[in-house]
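> Can you read through this structure? Questions will come right after.
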Amino acid sequence: MKSPLLSLPGAVPAEGRDEGVAAHYGDLFREQRALADGNGLVDLSHRGVVAVTGDDRLAWLHLLLTQHVSDLAPNQATEALILSANGHIEHALYLVDDGTTVWTHVEPETQGELIAYLESMKFFYRVEVADRTEDTAVVHLPAGSIAEVPDGVVVRETAHGRDLFLPRADLEAYAAGHGPAVGILAYEALRVETHRPRVGFETDHRTIPHELGWIGTAVHLQKGCYRGQETVARVHNLGKPPRRLVFLHLDGSEVHLPGHGTPVRLASDGEEGRQLGFITTSARHHELGPIALALVKRNVAVDAELIAGDTAAAQETVVEP
């Protein structure tokens, strides 16, 4: 889905997973500061939108998701995961129920796969699953924003701001009245700053929730069975995850940021040393400078000096070893 906001002055298209919206509108740090101050909006209209209706929607989703949603109150935001049978993360759902419909947004171009799984699990439950991506655009308003929300628009409100499920036909007009528009790079920089994982960036084919700090926020440990639940319970009760998420302060003298997948090693071992992990997301922050999230082996010392490629990196603990 190509956003109409790409026609705004200064818009530079994003690439890769975020193709279809603007990376920035000409001034990355100004856009970050606007978000941090509670101003502007972020165009997330490339994200997939899935709606679930029917009398059994919450009870049914409760059986499939890692989160406790059977008693989810109207307008209460939550997040949940769908895991493989082995407990590996497949989807992250950011959802809210408006009293009649559960609205959720997911990673771009993943809604088809998600819907196929949900449809296969309907059985006798009174639920309907619909892809609403073509007619619904997600817009993010930062925490502290005083922008008005049009009547009838579903809002998912969290500590980080509000996600609006806006009619796609209204996106351009809403942005004109509640801008300035802020690019996805500014949004991602603040995500990295607050250590929030993202599927496809902080995850690979074997990532389990414990490694990313999703236990408690997206995984409820006291609910009943769901696919992958045995792995979640076993690791929580009997062991430790093999890897852990860390936050990195990168050497600001480097011109290029280490990209996704860049090997992380001990600084003392140099660039030919044993790989201990990899960069998941890197960003340039308006106050902190170059920063990143990385997934490293659990036994890497919390005070170890690291390098990402050839870039020095000082770590902060996100997930305890």
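The values are calculated or read from the model by the stated rules, or taken from the named source; none is laboratory data. Predicted, not measured: the structure shown is a model, and the values here were computed from it. Note: ideal-geometry Cβ built from the backbone for every residue, glycine included; neighbour counts use all protein chains shown. Each accessible area value is taken on the protein alone, full model and side chains, heavy atoms only, with ligands, DNA and RNA left out. Shrake-Rupley method; radii C 1.70, N 1.55, O 1.52, S 1.80 Å.
> Where does the charge balance sit around Leu245 when Lys and Arg score +1, Asp and Glu -1, over other residues with C-beta under 15 Å from its C-beta? Mind dumping the intermediate values first?
Numbers: positive: Arg191, Arg196, Arg198, Arg206, Lys240, Arg243, Arg244, Lys297, Arg298; negative: Glu193, Glu202, Asp204, Glu211, Glu316, Glu320.
Overall, the nearby charge balance is +3.
> Rg over Rh of the stretch 149-229, using C-alpha atoms and the Kirkwood radius, what does it come to?
Working: Rg = 16.8 Å, Rh = 15.9 Å.
With Rg and the Kirkwood Rh in hand, the quotient comes to 1.06.
> If you count, for each residue, the other Cβ atoms within 10 Å and average over each peptide, how do 145-154, 184-193, 300-309 line up from highest to lowest? Walk me through the numbers on the way to the answer.
On the way: 145-154: 13.1, 184-193: 22.3, 300-309: 16.7.
Going by the mean number of other Cβ atoms within 10 Å, highest first, we get 184-193, 300-309, 145-154.
> While we're on this one: Hey, can you find the accessible area per residue of the stretch 1-58 for me, probe 1.4 Å, expressed in square angstrom? The partial results should precede the final answer.
Details: 2460 Å² over 58 residues.
About 42 Å² of surface per residue is accessible.
> A further question follows. Tell me, what are the semi-axes, in whole angstrom and largest first, of the equivalent ellipsoid of the stretch 30-134 as set by the roots of 5 times the Cα gyration tensor eigenvalues?
Values: eigenvalues 137, 51, 38 Å².
Semi-axis lengths for the stretch 30-134 are 26, 16, 14 Å.
> Whole number please: convex hull volume per residue of the Cα set in the chain, in Å³?
127 Å³
> Counting just the Cα atoms, what span does the stretch 137-185 cover along each of its three principal axes? Round to the nearest Å and put the largest first.
For the stretch 137-185, the Cα extents along the three principal axes come out at 27, 25, 18 Å.
> Treating only the Cβ of Lys, Arg, Asp and Glu as charged (+1, +1, -1, -1), what charge dipole size does the chain show about its Cα centre? Round to the nearest 20 debye. List each step's numbers first, then the result.
Values: 27 positive and 45 negative charges, 173 e Å.
Roughly 840 debye, rounded to the nearest 20.
> Something else now. With every protein chain left in place, what is the accessible area per residue of the stretch 77-188 in square angstrom, probe 1.4 Å?
Values: 4810 Å² over 112 residues.
The answer is 43 Å² per residue.
> When only alpha-carbon atoms are used, what values of Rg and Dmax, in angstrom, describe the stretch 256-321?
My reading of the Cα-based Rg and Dmax gives 11.1, 32 Å.
> Still on this structure, I have one more. Please report the carbon-and-sulfur percent of the accessible area for the chain; probe 1.4 Å, protein heavy atoms only, DNA, RNA and ligands left out. Mind showing how you got there, number by number?
Values: 7030 of 14170 Å².
Result for the chain: 50 percent of the exposed heavy-atom area is carbon or sulfur.
> While we're on this one: Any idea what % of Cα-Cα pairs in the stretch 1-53 are farther than 12 Å?
Working: 924 of 1378 pairs.
Value for the stretch 1-53 (Cα pairs over 12 Å): 67 percent.
> Skipping prolines and chain starts, which residues have an amide H placed within reach, meaning under 5 Å, of the one on Asn75, given they are 5 or more residues away or on another chain?
Asp97, Asp98, Gly99
> Among the lysines, select those whose C-alpha is under 30 Å from the C-alpha of Lys223, and discard any that sit fewer than 8 residues away in the same chain.
Lys122, Lys240, Lys297
> Just need the relative contact order of the chain here, percent rounded to a whole number, with Cα pairs under 8 Å and 6+ apart. Don't jump to the answer; show the numbers that get you there.
Details: 719 pairs, mean separation 59.8, N = 321.
Dividing the mean separation by the residue count of the chain yields 19 percent.
> Could I have the simple spin-label model distance between Ala169 and Glu19, label points 7 Å from Cα toward Cβ, reported in nm to one decimal?
With each label point 7 Å from Cα toward Cβ, the separation is 2.9 nm.
> Right, another one. Dipole of the stretch 16-120, Cα-centred, from +1 at each Lys and Arg C-beta and -1 at each Asp and Glu C-beta, to the nearest 20 debye?
Values: 5 positive and 17 negative charges, 37 e Å.
Charge dipole, the stretch 16-120, about its Cα centre: 180 debye, nearest 20.
> In addition: With the chain treated as a Gaussian network of Cα nodes joined by springs under 10 Å, which of Leu171, Leu266, Leu238 yields the largest mean-square fluctuation?
Leu238
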